[in-house]
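Here the structure comes first, spelled out in structure tokens, and everything after it is commentary.
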Number of protein chains: 2
Amino acid sequence: MSDANEGYALAVDIGGTKLAAALVEPGGRIAHYDRMDTPPDVDAEGLWRSLEALLDKLQAEGGGSGPVGVGVGCGGPMRWPSAEVSPLNIPVWRDFPLRQRLRERHPGLPVRVHNDAICVAVGEHWRGAGRGRANVLGMVVSTGVGGGLILGGRLVDGASGNAGHIGHVVVEPQGPPCKCGGRGCLEAIARGPGLVAWAQAHGWRPDSRGATGVDLAEDARRGHPIATSAMKRAGRALGVAIASATHLCDLEVVAVGGGLSQAGPLLFDPLEDAFRAHARMEYAREVRVVPAALGQTAGLVGAAALVFAGDRYWSAD
Amino acid sequence: MSDANEGYALAVDIGGTKLAAALVEPGGRIAHYDRMDTPPDVDAEGLWRSLEALLDKLQAEGGGSGPVGVGVGCGGPMRWPSAEVSPLNIPVWRDFPLRQRLRERHPGLPVRVHNDAICVAVGEHWRGAGRGRANVLGMVVSTGVGGGLILGGRLVDGASGNAGHIGHVVVEPQGPPCKCGGRGCLEAIARGPGLVAWAQAHGWRPDSRGATGVDLAEDARRGHPIATSAMKRAGRALGVAIASATHLCDLEVVAVGGGLSQAGPLLFDPLEDAFRAHARMEYAREVRVVPAALGQTAGLVGAAALVFAGDRYWSAD
């Protein structure tokens, strides 16, 4: 069932705010972990050198034997599977040949790169909330809304590696404009910055900590009425989109992670209400919508799964 | 690539208005075809005997050698893959053990039963508008709205054989009630009887032919303004749902068949407008939404594909 049964995978998670990496055992346990803030004010090569330094340090901690493969989750979009990446939140990388660079650094090893939200979904399927189920949607609700789709026990890639992108399922055809150019996408409503804007327009005044979706979720937990309404708004939109995905893909488990999911029941209760109101086909009634189980490291675990369980999670090459 | 390379498949299509059957060659060509109206006023066993008589007659025409397998598309819902069927439009069959009966009739042969809309999608992928593409949604827009989903070159079944059911993707969360118990499903808006009711409420008076979705589509072709508005309404709802499915599943081709698709550009033009307005992610721009290519026999061709190309279309047993 595995491409490699011994040694560790070098797992990497590349985002706009942090670079994280880990040595992951074949069972999914993280043996060593390190991270750094994504450096500002560097060019494309400077960012690559920062990543290399992080990986050098981590591998030194790991001791003698090298990794058996490299798995990477990186912010999209990217050309896939060649992984020339152009992460929305990393402007200095545009068509950066990430996979090729890593192959040059690790000659002879499998190097597998996928969208970061897809890696989270894979992690949740391999070792998290979707474990043991064949039909799972994993979601990340954060600055954006993304996801990955496992059907029949295998990761679905779609035509260009973008399957699972539930953020652009339409939940309100006449709804707010989305940065994709469409209108009423789930992401246009439920992404952190969208919710923050909505809450501020309705009178929410964040304190000195900041005005992110996580801050809004924290205020909701403290009982702030506008923040609570914002979570309801996000929850309802998520419930409708998940109902559509459930009917279309005949799912068993939907695992919802990302910063906004920290709001807990304030998000999940209205989500569940909207989901149950719309997911009414008999086959949809057994579906469970649950919080993601792996937290911050889901993406690294999923990146490792691209290496260790490529039969299920890696169709390319 | 095939389960059987010689001989013919016995393909069967079971619906509320007609029973159809065919002897299908390994390449997909229909060698013999027969059909009958679904008999009214019979009980469950009477309907089974009618089906047997149709199959006997067809097999006699086919001459000496028996079929190499039996493929069946049947109206849903059904328990799958055991195929105890309870077709909405055939009230006398409730939990009727269709697959088991066919196995008793054809001992030793593969007998494979799937939802009729899924067989249409499979037919369109195997030999129709989706041929040669790996990521295809096939749809039937008729009395209901159904479909089937081929991803990565293989039919996706989902947890209970219901994947592809785009009729219950939500296109208007506050829209009209759906018979599933939800609200604003694509099917609630775009199914023939729903459109007919909407058109009649807006002043459409069908002539003596009847008042089905096909009649409405014909009136739209003749320029009737309310019928034309009804096609627009259906087209827009279809476009929104197909945009959601495209973003979620990263499709290449969507093939739309069924009686309502006979309205041609009067349906497909507003569909395309709504689709292009909502399917704005870069990876969705290459998708083509096209009329189904196989017409009335798509379901029989797909049923035969369950036998001849089980590696791609049959995951059960």
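Every number in this text was worked out from the coordinates using simple rules, so none of it is lab data. Please read all numbers here as calculations on a predicted model, not as lab measurements. Reconstructed Cβ throughout: ideal geometry from the backbone, glycine too, with neighbour counts over all protein chains shown.
General observations
- Listed by chain and number, the lysines placed with their C-alpha closer than 20 angstrom to that of A:LYS18 are A:LYS57; residues fewer than eight positions away on the same chain are left out.
- 222 nm mean residue ellipticity, helices alone, for chain A (DSSP H n ≥ 4; -39,500 (n - 2.57); rounded to 500): -11500 deg cm²/dmol
- Degrees separating the helix A:192-201 axis from the principal Cα axis of chain A, which is the longest one: 30 degrees
- Dipole magnitude of chain B, debye to nearest 20 (Cβ charges: Lys/Arg +1, Asp/Glu -1, about Cα centre): 600 debye
- In this entry, segment A:82-166 is assigned a mean projected area of 6.5 nm², taken as a quarter of its C-alpha convex hull surface.
- Counting charges near B:GLY258 (Lys, Arg +1; Asp, Glu -1) among other residues having Cβ under 15 Å from its Cβ returns a value of -4.
- Take every Cα pair under 8 Å whose residues are at least 6 apart in sequence, average their separation, divide by the length of segment A:116-227, and the relative contact order is 17 percent.
- For A:ALA201 and B:ALA60, a Förster radius of 56 Å and the Cβ-Cβ distance give a FRET efficiency of 0.15, rounded to the nearest 0.05.
- A point 7 Å from Cα along Cα→Cβ stands in for B:ARG35, and the other copies hold the same point at 6.1 nm, listed in rising order.
- Length-normalised contact order of chain A in % [C-alpha pairs under 8 Å, at least 6 apart]: 21 percent
- For A:ARG131, the label point sits 7 Å beyond Cα toward Cβ; its separations from the matching points on the remaining copies run 4.7 nm, from shortest to longest.
- Each label was represented as a point 7 Å from its Cα along the Cα-to-Cβ direction; for A:ARG29 and A:ASP311 these points are 2.4 nm apart.
- A protection proxy built from the mean count of other Cβ atoms within 10 Å ranks the segments A:26-35, B:202-211, B:267-276, A:72-81, most packed first, as A:72-81, B:267-276, A:26-35, B:202-211.
- For segment A:78-176, the relative contact order comes to 19 percent (Cα pairs under 8 Å, sequence separation of at least 6).
- For A:CYS180, no residue has an amide H sitting under 5 Å from its own, ignoring neighbours fewer than 5 places away on the same chain, with H placed 1.01 Å from N.
- Site pair B:GLU286 and A:ARG288 shows an inter-label distance of 3.9 nm when each label is modelled 7 Å from Cα along Cα→Cβ.
- In a simple Cβ point-charge model (Lys, Arg +1; Asp, Glu -1; nothing else charged), the protein assembly as shown has a dipole of about 960 debye relative to its Cα centre.
- Along its first, second and third principal axes, ordered by size, segment A:129-293 spans 47, 32, 26 Å in Cα coordinates.
- The H on the amide N of B:VAL111, modeled in the peptide plane, is under 5 Å from the matching H of B:VAL70, each at least 5 residues off or on a different chain.
- Vicinal HN-Hα couplings computed from phi for segment A:52-61 (Karplus, 6.51 cos²θ - 1.76 cosθ + 1.60; Hz; Gly/Pro x): 4, 4, 4, 5, 4, 4, 5, 5, 5, 4
- Across segment A:234-249, computed HN-Hα scalar couplings (Karplus, 6.51 cos²θ - 1.76 cosθ + 1.60, θ = phi - 60°) run 5, x, 5, 4, 4, x, 5, 5, 5, 4, 4, 5, 5, 5, 6, 10 Hz from first to last residue, x flagging Gly and Pro.
- Helix A:116-127 and the longest principal axis of the Cα set of chain A meet at an angle near 80°.
- Among B:242-250, B:125-133, sorting by the average number of other beta carbon atoms lying within 10 angstrom of each residue, highest first, gives B:242-250, B:125-133.
- Just so you know, the Rg over Rh for chain A is 0.97, from Cα atoms, with Rh as the Kirkwood radius.
- Estimated FRET transfer efficiency (B:GLU6, B:ASP95; beta-carbon r; R0 30 Å; 0.05): 0.25
- Across the options B:TYR8, A:ALA201, A:PRO291, the greatest Cα extent toward the positive end of the charge dipole of the protein assembly as shown (unit charges at beta carbon of Lys, Arg, Asp, Glu) belongs to A:ALA201.
- For the protein assembly as shown, the Kirkwood hydrodynamic radius from C-alpha pairs, put into Stokes-Einstein at 10 °C and a viscosity of 1.306 mPa s, yields a diffusion coefficient of 62 µm² per second.
- Estimated vicinal HN-Hα couplings, Hz - segment A:255-260 in sequence order (Karplus 6.51, -1.76, 1.60; Gly, Pro = x): 9, 10, x, x, x, 5
- For segment B:16-52, backbone nitrogen atoms closer than 20 Å to the point 7 Å from B:ARG103 Cα along Cα-to-C-beta are found at B:45, B:48-49, B:52.
- For chain B, built as a Gaussian network whose Cα springs stay under 10 Å, the top-fluctuating residue of B:GLY108, B:GLY16, B:GLY264: B:GLY108
- Teacher prompt: A:GLY181 distances to equivalent labels in other copies, 7 Å Cα→Cβ, nm: 4.0
- Per-residue average of Cβ from other chains inside 10 Å of B:270-280: 3
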